[in-house]
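Novice: One structure coming up, written as structure tokens, with questions to follow.
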Amino acid sequence: MANLLEDIYKIKVGAVDIDNDPKISAQYSVKTAPTIKFFGINKENPKSFTKEINLKELINFIAEESKNMIFEKLNVKEEEKELKKQKSDVIMLNEKNFEEIVMKSKEPVFI
């Protein structure tokens, strides 16, 4: 699963042994294992995964937090959540590059 998260969301997956590293555990209020924290943009205030640990809930949590990071990076307020016009990183597609950029890509492509 760690490889999948890194490939799709560019998220690194780490683990802390709470018995061997009690300082880290205490700093982030980790009392039991497993505990899942998402260190997004605000590294000082990680988001806690509080639902039952199963694949569906974990993927939903990661997707939601990834979406929130995008909005934070765009400086969009929670209630607005509309894409602002930004300097575009859009790749102009045409007959010459469509096959290579879209069809042969291992990454998802939004068009």
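The values are calculated or read from the model by the stated rules, or taken from the named source; none is laboratory data. Here the structure is a predicted model, which means the values were calculated and not measured. Virtual Cβ from ideal backbone geometry, glycine too; neighbours counted across all protein chains shown.
Novice: Identify the residue in segment 18-44 that is surrounded by fewer than 11 Cβ atoms within 10 Å (Cβ to Cβ) and either polar (S, T, N, Q) or in contact with a Gly (Cβ under 9 Å, 6 or more places away or on another chain) (or both) and, among all such residues, is nearest to residue 107 (Cα to Cα).
Specialist: 42
Novice: Just name the residue that is modelled with the lowest pLDDT out of those in segment 34-49 that are part of a loop (DSSP other than H, G, I, E, B) and polar (S, T, N, Q).
Specialist: Initial filter on segment 34-49 (part of a loop (DSSP other than H, G, I, E, B)): 34-36, 39-46, 49.
Of the ones still in play, those that are also polar (S, T, N, Q) are 35, 42, 45.
Values: 35: 89, 42: 83, 45: 88.
Only one residue fits best here, namely 42.
Novice: Give me the pairs: first residue in segment 57-79 and closer than 14 Å to residue 47 by Cβ and among the small types (Gly, Ala, Ser), second residue assigned to a helix (DSSP H, G or I) and at pLDDT below 85, beta-carbon distance under 6 Å, and six or more apart or on different chains, which are they?
Specialist: Final answer for the pair search is 66/9.
Novice: Still on this structure, I have one more. Need the failing condition index for residue 15 against (1) modelled with pLDDT of 85 or more; (2) closer than 23 Å to residue 107 by Cα; (3) exposed (fewer than 12 other Cβ atoms within 10 Å of the Cβ), just the number.
Specialist: (2)
Novice: OK, next. From the set of residues in segment 8-33 that are part of a helix (DSSP H, G or I) and touching a residue at least 24 places away in the same chain (Cβ under 8 Å), which is nearest to residue 48 (Cα to Cα)? Lay out the reasoning, then the answer.
Specialist: Filtering segment 8-33 down to residues part of a helix (DSSP H, G or I) leaves 8-9, 22-27.
Right, trim to touching a residue at least 24 places away in the same chain (Cβ under 8 Å) and you get 8-9.
Working: 8: 21, 9: 18 Å.
Of everything passing the filter in segment 8-33, 9 is nearest to residue 48 (Cα to Cα).
Novice: Let me ask you something else. For segment 60-97, what are the residues that are hydrophobic (A, V, I, L, M, F, W, C), modelled with pLDDT under 85 and surrounded by 10 or more Cβ atoms within 10 Å (Cβ to Cβ)? Spell out how you get there, then give the answer.
Specialist: First pass over segment 60-97, keeping only residues hydrophobic (A, V, I, L, M, F, W, C): 61-63, 69-71, 74, 76, 83, 90-93.
Applying the additional criterion that residues be modelled with pLDDT under 85 yields 69-71, 74, 76, 83, 90-93.
Correct list: 69, 70, 71, 74, 76, 83, 91, 93.
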